[in-house]
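Asker: Handing you this structure, nothing more for now.
The values are calculated or read from the model by the stated rules, or taken from the named source; none is laboratory data. What you see is a predicted model, and the numbers here were worked out from it, not measured in a lab. Cβ atoms come from the backbone with ideal geometry, glycine included; neighbour counts cover every protein chain shown.
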Amino acid sequence: MKSQIAYCSACDKDVRIVITDEPSQDGHANLHDSEIVCLEIGETCTGSLCPIGAAPPAVMAARLVRNDLQTMVQPMVSAMCPACEKVTGHLLVGTADATCVECGVTTARSALGR
């Protein structure tokens, strides 16, 4: 993975991003290409689409979880996940959503069993 600094027009500041590695071999499985992952996604995001990664904040949070890139920047809560039905950590995304760090499902904060 390659770490960089990029300007985010939604937050109006420089943010830390990671460009994930491409798969190491060709195959028949559905392999993803490299992705841009913002390490500073969270409460301060103002848009419905991340201008750096061209994805909604919930998708960017799922990329963080999938690539095991959660950082101390993102606020987390512990709550019952409706998808995996156990108490897990949830990465808070914007003001309305949270992504489970175990299963990667994004849920409305109001649906978390807290």
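Asker: Looking at this structure, is ILE52 over 18 Å from CYS100 (Cβ atoms) and at pLDDT 75 or above? Even if it seems obvious, please write down each step before you answer.
Answerer: Details: over 18 Å from CYS100 (Cβ atoms): yes; at pLDDT 75 or above: yes.
Considered against the rule, which asks whether it is over 18 Å from CYS100 (Cβ atoms) and at pLDDT 75 or above, ILE52 comes out as yes.
Asker: Now, a different point. Given the options CYS11, CYS84, name the one that is surrounded by 13 or more Cβ atoms within 10 Å (Cβ to Cβ), at pLDDT 85 or above and assigned to a loop (DSSP other than H, G, I, E, B). Even if it seems obvious, please write down each step before you answer.
Answerer: Details: CYS11 fails: at pLDDT 85 or above.
Selected residue: CYS84, the only one of CYS11, CYS84 that is surrounded by 13 or more Cβ atoms within 10 Å (Cβ to Cβ), at pLDDT 85 or above and assigned to a loop (DSSP other than H, G, I, E, B).
Asker: Which one is farthest from ALA55 (Cα to Cα), of the residues in region 87-100 that are at pLDDT 85 or above and of a type in the set (A, V, I, L, M)?
Answerer: That would be VAL87.
Asker: Kindly indicate the residue of region 14-49 that is within 29 Å of ARG109 (Cβ to Cβ) and of a type in the set (Asp, Glu) and also modelled with the highest pLDDT among those meeting that condition.
Answerer: ASP14
Asker: If I ask for residues that are modelled with pLDDT of 75 or more, among the polar types (S, T, N, Q) and not in a strand (DSSP E or B), which ones from region 57-81 would you list?
Answerer: ASN67
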